[in-house]
């Protein structure tokens, strides 16, 4: 019973904070609209709408600036901190991680497939839809 009361009071507090924040936002928009009405002679409704749009745009821009300042760049890599990066080491890793070293990398199957039971005229087990003899069963010079 006590936990339900605490949860309800917490929800009520959140709703009250949202209502107070919305009210302050509306008062801010009304105040800026009143200044626009006084300075530029707009009618009060249009001045309030213009000021509300301005407050909304300011909030969006402030949020984007804040996230830009506080977050790291989204395209950073693990090699950004290293002074030198040897691309040859990366190529060696790709060759070692190949499932089937005799098959070019672009023709490597996405999953570990058993080619032992494949006959030349059967469909290739890699899922390409081609015959095995025209896909992964081609003879390659050594």
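Every residue, every condition in (1) surrounded by fewer than 10 Cβ atoms within 10 Å (Cβ to Cβ); (2) more than 33 Å from the chain's Cα centre (by Cα); (3) at pLDDT below 85, yes or no:
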position	(1), (2), (3)
8	no, yes, no
45	no, yes, yes
78	yes, no, yes
107	no, no, yes
110	yes, no, yes
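Matching residues to (1) at pLDDT 75 or above; (2) part of a strand (DSSP E or B); (3) more than 30 Å from residue 38 (Cα to Cα); (4) over 31 Å from the mean Cα position of the chain (by Cα):
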{"residue": "59", "(1), (2), (3), (4)": "yes, no, no, no"}
{"residue": "89", "(1), (2), (3), (4)": "no, no, yes, no"}
{"residue": "114", "(1), (2), (3), (4)": "yes, no, yes, yes"}
{"residue": "119", "(1), (2), (3), (4)": "yes, no, yes, yes"}
{"residue": "125", "(1), (2), (3), (4)": "yes, no, yes, yes"}
{"residue": "140", "(1), (2), (3), (4)": "no, no, yes, yes"}
Qualifying residue in region 64-71 (condition: surrounded by 12 or more Cβ atoms within 10 Å (Cβ to Cβ), in a helix (DSSP H, G or I) and modelled with pLDDT of 85 or more): no
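The values are calculated or read from the model by the stated rules, or taken from the named source; none is laboratory data. Since this is a predicted model, take the numbers as computed values, not measurements. In this analysis, Cβ positions are derived from the backbone assuming ideal geometry, glycine residues included, and neighbour counts consider all displayed protein chains.
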